[in-house]
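The values are calculated or read from the model by the stated rules, or taken from the named source; none is laboratory data. Source: prediction; values computed, not measured. When we count neighbours, we look across all protein chains shown, and the Cβ atoms used for this are built from the backbone with ideal geometry, even at glycine.
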Amino acid sequence: MGLDGGTYITRSDVLRGQSWELATADNSRSTRGGDASASAAKDRNSVDPRSVRSTKWSTCSLSNQPLQVPIVADYLGSLYNREAVLEFLLSRGGAFVDDMAQHRYLNQQRASKFGYEHLKSTRDIFTVHLTDLQDTQAAGLPTATDAEAPERFVCPVTHLHSTRYPFVAISGCGHVFSDRAIKQMPDLSCATCGVSFTESQLIPVNGTAEQIEDLKAALPSRKHKSKRGSKRKRNSLNADPP
């Protein structure tokens with residue numbers, strides 16, 4: 001899977017597109033500097049959607065490292081290692097945690113074509129609680145098997161695998177379920193912790209392009225509500241005691 005420049009296809013290469021038409025449409029290059037050739041395009045075409053989805057569910061969107069607790073999501077449904085987001089936010093403000101932090105920050109921006117502009121503070125992410133497949137196996141719970149793709153996360157209610165079925169996160173409490181499980185919560189209460197939620201708090205995780213566009217359109221109003229909530233909280237804390 002090498003490119004003409006002697007590099008390898010990275011997570012960003014896989015997620016940027018699988019067709020040669022897409023690659024030439026944006027003058028695509030490897031995220032490490034190699035020109036994309038016809039042979040590279042062939043490699044991209046050979047990557048099936050399940051592999052792409054598996055990559056999204058197993059690696060941090062920023063650092064490309066394996067997902068490790070604590071894991072967070074943004075309001076577009078992407079998953080990150082919390083430490084990677086904190087470093088990104090510090091770098092964005094000009095505070096680099098080590099000598100390589102600036103290099104990592106610039107590479108992240110270049111590879112994503114500044115696709116992380118919505119990450120401006122910790123208010124733009126929330127901690128997610130994912131159910132590890134190994135935990136369910138240790139507990140002797142049945143799960144749907146799939147020998148073709150490595151699985152890591154499952155729904156705690158239906159035990160469906162995250163790489164094969166649509167999943168959503170409840171932003172209020174952070175618990176993650178399959179769509180099918182959410183439909184089994186007609187009272188809009190989290191099946192794990194019992195916290196009530198609204199439809200607007202259901203964030204599709206690694207959703208479709210259409211879902212991501214809808215989430216992007218909702219970001220301004222979501223941030224406005226967040227600021228209003230923070231202001232009310234400050235006013236409450238500053239109020240004179242009775």
(message) When you check residue 62 against the structure, is it outside any helix (DSSP H, G or I) and either surrounded by 13 or more Cβ atoms within 10 Å (Cβ to Cβ) or at pLDDT 50 or above (or both), yes or no?
(response) yes
(message) Restricting to the range 73-88, and then to whatever is over 8 Å from the mean Cα position of the chain (by Cα) and surrounded by 18 or more Cβ atoms within 10 Å (Cβ to Cβ), can you tell me which residue is nearest to residue 220 (Cα to Cα)?
(response) 75
(message) Looking at the range 90-107, can you tell me whether even one residue there is of a type in the set (A, V, I, L, M, F, W, C) and touching a residue at least 24 places away in the same chain (Cβ under 8 Å)?
(response) no
(message) Which residue is farthest from the chain's Cα centre (by Cα), if the candidates are limited to the range 45-59 and must be over 18 Å from residue 111 (Cα atoms) and assigned to a helix (DSSP H, G or I)?
(response) 45
(message) So for the range 131-139 (the condition being of a type in the set (A, V, I, L, M, F, W, C), more than 26 Å from residue 49 (Cβ to Cβ) and modelled with pLDDT under 95), does at least one residue qualify?
(response) yes
(request) Test residue 156 against the stated conditions and say whether it is part of a loop (DSSP other than H, G, I, E, B), modelled with pLDDT of 95 or more and out of contact with any Lys or Arg (no Cβ under 7 Å at 6 or more places or on another chain). (result) yes
(message) Against the conditions (1) part of a loop (DSSP other than H, G, I, E, B); (2) modelled with pLDDT of 95 or more; (3) surrounded by 15 or more Cβ atoms within 10 Å (Cβ to Cβ), where does residue 151 fall short? Just the number, please.
(response) (2)
(request) Mind listing whichever residues of the range 168-188 are part of a loop (DSSP other than H, G, I, E, B) and either without any contact (Cβ under 8 Å) to a residue 24 or more places away in the chain or within 23 Å of residue 222 (Cα to Cα) (or both)? (result) 171, 172, 173, 174, 183, 185, 186, 187, 188
